[in-house]
Amino acid sequence: MKKEFKVVFIILILFLALFLINNFKQDKIDGNSVFDVFKNTFTKAVGIKNEDHKPNPDEQYYYTTQWGSQILRGSRYLDGTFGTAGDLAVNKNKDIYVSDSFRNDIQIFDSRGIFKNKFGSYGSGDGQFYALDSIEIDYNGNIYVADKYNFRVQKFGSNGNFITKWGSQGFEEGQFEEMSGIATDSQGNVYVADSALERVQKFDSSGNFITKWGSFGGRDGQFRSPDGIDVDINDNVYVVDKLNFRIQKFDSSGNFITKWGSQGFEEGQFNLPVDINSDSNGKIYVVDKDNYRIQKFDSNGNFITKWGSDGYFNGQFHYPRGVVVDVDGFVYVTDSLGTYNGFNNRVQKFSLTPPNGDISGPEVLIKHSPEVPRRYDPVTYTATASDDSEVLEIRIVVDGETVKICSDPIRVSTCSYKGYANFLGSYYYYSLSRDRSENYNTGRDPKDGTKIFYVND
């Protein structure tokens, strides 16, 4: 018997070796790496078709622009910069709202990243926040904020004017322990995820409790630290089930529909997903934080595409936190921790089409003088358009704040601003320009980039 077993075992080993050699040759012909050869061979052996999970070539996302950084002047964060770039929301006018749990405020930008307004401060009064987390904008432009450690939801008008609030700390209906996500449906109902209580609560637009669902566990309809939440065009509710490494889909009453995902780094897998958003076509975008990427799916969880990697260059992430899609399909992603001079504390914007504006717009170069200023020295910033461009507007942005706008209906060739190096540390600056064809160039692109100088004494 032992002899027969050995013969069978040897035959199996030889068969497997021939199988591997045959596939190795074929994959080498296809030009794959050795790693890919063995991965493809394994998936073929177990009957998985890699082709089913390849990104759609028509679904490639391109970096277009970015804004923000982490800059303090004394104890004050400058407008347009972030303490921690958090969640995102977008209104019908394509204004981008960004929450910041360090600043305890919400900043409003246009779709190019130009600062428009802000509201909020630290505290427990109306319109104040204590580690605000998720934000959402409903169909009427009202803003809902998960005010985490004040254990309440606050509702504001589109300009940040306070309307109402509800909630307190506790385990009962309408109470919260660790709010982690907020979303609204087409009827104005509000859904709040709570990572400590492992549940989702549903309210009307005035804060009246409607229903709840969820408990701790790994079964359908259960959660382990639910985080981001979103509602699609059909009022289906998607919940990021963070520590179960999956997305769960429910109807608006909390009835389970489907789920997808597992722990890992392959397509459709997650390593700490944290946020989710849907677009006007029902496509789903997930922030896969510790895989440093965004993944896109259809409404049933079928993988479409992905982009991102770890780093601080354009299109890379180090701690992606939030994602939102505007009515034109542009995708905005917050990256909340910096790896190099605070550069990752920013918002990045992506497009499905190669950009002909934010990167390929008018070429404007900017510089400062003197090259190495001392503290309190005057500093002159000069932006110059290329000779062949028809630039109608140039903006100079220093430390996230637009300090000078030069415009002319025919052409702007140069724009200058004189400031002072009143603080020790790093100064960041760039240009924003617009040409006759309404193309834009933010300066934070391969043409010129963000410039930096240091004041040490």
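Could you run through segment 137-189 and say how many residues are within 17 Å of Lys118 (Cα to Cα), among the small types (Gly, Ala, Ser) and touching an Asp or Glu at 6+ places or on another chain (Cβ under 6 Å)?
Count: 1.
Only residues that are modelled with pLDDT under 95 and either in contact with a strand residue (DSSP E or B) (Cβ under 7 Å, 6 or more places away or on another chain) or not in a loop (DSSP other than H, G, I, E, B) (or both): list them for segment 81-98, please.
Matches in segment 81-98: Phe82, Gly83, Thr84, Ala85, Gly86.
Between a residue in segment 245-272 that is touching a residue at least 60 places away in the same chain (Cβ under 8 Å) and any residue that is part of a loop (DSSP other than H, G, I, E, B), which pairs come within a Cβ distance under 7 Å, given they are 6 or more apart or on different chains?
Every condition considered, the pairs that remain are Ser252/Asp185; Ser252/Asp235; Gly268/Gly261.
Looking at Gln263, Gln222, which is the one that is modelled with pLDDT of 95 or more, surrounded by fewer than 21 Cβ atoms within 10 Å (Cβ to Cβ), in contact with a Ser or Thr (Cβ under 7 Å, 6 or more places away or on another chain) and not β-branched (Val, Ile, Thr)?
None of the others qualify; the one that does is Gln222.
Only residues in segment 286-313 that are modelled with pLDDT of 95 or more count as the first member; pair them with residues that are assigned to a helix (DSSP H, G or I) and open to solvent by 10 Å² or more (accessible area, probe 1.4 Å), Cβ under 8 angstrom, at least 6 apart or cross-chain, and list the lot.
Phe303/His53
Sort out which residues of segment 266-282 are of a type in the set (D, E, K, R), surrounded by 19 or more Cβ atoms within 10 Å (Cβ to Cβ) and touching a Lys or Arg at 6+ places or on another chain (Cβ under 7 Å), and write them in order of number.
Answer for segment 266-282, where residues must be of a type in the set (D, E, K, R), surrounded by 19 or more Cβ atoms within 10 Å (Cβ to Cβ) and touching a Lys or Arg at 6+ places or on another chain (Cβ under 7 Å): just Asp275.
For segment 237-273, name all the residues that are of a type in the set (S, T, N, Q) and touching an Asp or Glu at 6+ places or on another chain (Cβ under 6 Å).
Gln248, Ser252, Asn271 - these are the residues of segment 237-273 that are of a type in the set (S, T, N, Q) and touching an Asp or Glu at 6+ places or on another chain (Cβ under 6 Å).
Kindly check whether there is at least one residue in segment 235-249 that is of a type outside the set (Asp, Glu) and within 25 Å of Phe82 (Cβ to Cβ).
Yes, the conditions are met somewhere in segment 235-249.
Among the residues of segment 114-129, is any out of contact with any His (no Cβ under 6 Å at 6 or more places or on another chain), within 28 Å of Gln66 (Cα to Cα) and open to solvent by less than 10 Å² (accessible area, probe 1.4 Å)?
Within segment 114-129 (the criterion being out of contact with any His (no Cβ under 6 Å at 6 or more places or on another chain), within 28 Å of Gln66 (Cα to Cα) and open to solvent by less than 10 Å² (accessible area, probe 1.4 Å)), the answer is yes, since at least one residue qualifies.
Please pick out the residue among Lys249, Lys306 that is of a type outside the set (A, V, I, L, M, F, W, C), assigned to a strand (DSSP E or B) and open to solvent by 60 Å² or more (accessible area, probe 1.4 Å).
Step by step, each of Lys249, Lys306 is checked, and only Lys306 is of a type outside the set (A, V, I, L, M, F, W, C), assigned to a strand (DSSP E or B) and open to solvent by 60 Å² or more (accessible area, probe 1.4 Å).
Between Ser101, Ser134, which is among the small types (Gly, Ala, Ser), open to solvent by 10 Å² or more (accessible area, probe 1.4 Å) and on the phi < 0 side of the Ramachandran plot?
Exactly one of Ser101, Ser134 is among the small types (Gly, Ala, Ser), open to solvent by 10 Å² or more (accessible area, probe 1.4 Å) and on the phi < 0 side of the Ramachandran plot, namely Ser101.
Would you point out the residue of segment 378-399, among those that are among the polar types (S, T, N, Q) and not in a loop (DSSP other than H, G, I, E, B), that is surrounded by the fewest Cβ atoms within 10 Å (Cβ to Cβ)?
Thr380
Take Ser124 and decide whether it is among the polar types (S, T, N, Q) and in contact with a helix residue (DSSP H, G or I) (Cβ under 6 Å, 6 or more places away or on another chain).
Judged against the criteria, Ser124 is a match.
Per-residue answers, yes or no, for (1) under 26 Å from Val333 (Cβ atoms); (2) within 24 Å of the chain's Cα centre (by Cα); (3) hydrophobic (A, V, I, L, M, F, W, C):
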site	(1), (2), (3)
Ser225	yes, yes, no
Ser252	no, no, no
Val274	yes, yes, yes
Lys296	yes, yes, no
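Would you pick out the residues in segment 402-424 that are open to solvent by 20 Å² or more (accessible area, probe 1.4 Å), under 33 Å from the mean Cα position of the chain (by Cα) and free of Cβ contacts under 8 Å to residues at least 40 places away in the same chain?
Val403, Lys404, Ile405, Cys406, Ser407, Tyr417
I'd like the full set of residues that are open to solvent by less than 30 Å² (accessible area, probe 1.4 Å), within 32 Å of the chain's Cα centre (by Cα), of a type outside the set (A, V, I, L, M, F, W, C) and at pLDDT 80 or above, limited to segment 350-373.
Ser351
So which residues in segment 417-456 are at pLDDT below 65 and among the charged types (D, E, K, R)?
If the condition is that a residue be at pLDDT below 65 and among the charged types (D, E, K, R), then Glu438, Arg444, Asp445, Lys447, Asp448 are the ones that fit.
Checking the condition at pLDDT 90 or above, of a type outside the set (S, T, N, Q), over 21 Å from Asn117 (Cβ atoms) and under 33 Å from the mean Cα position of the chain (by Cα), which residue from Tyr381, Tyr376 passes?
Residue meeting the stated conditions: Tyr381.
Show the residue pairs that are 6+ apart or on different chains and have beta-carbon atoms under 6 Å apart, the first residue being within segment 93-120 and over 16 Å from Gln348 (Cβ atoms), the second being basic (Lys, Arg) and in a strand (DSSP E or B).
So the pair list comes out as Asp105/Lys118; Ile108/Lys116.
The values are calculated or read from the model by the stated rules, or taken from the named source; none is laboratory data. The shown structure was predicted, so the numbers you read here are calculated from the model rather than taken from an experiment. As a convention, Cβ positions derive from the backbone with ideal geometry for all residues, glycine included, and neighbour counts pool all protein chains shown. These area figures cover heavy atoms from the full protein model, side chains too; ligands, DNA and RNA do not enter into them. Shrake-Rupley method; radii C 1.70, N 1.55, O 1.52, S 1.80 Å.
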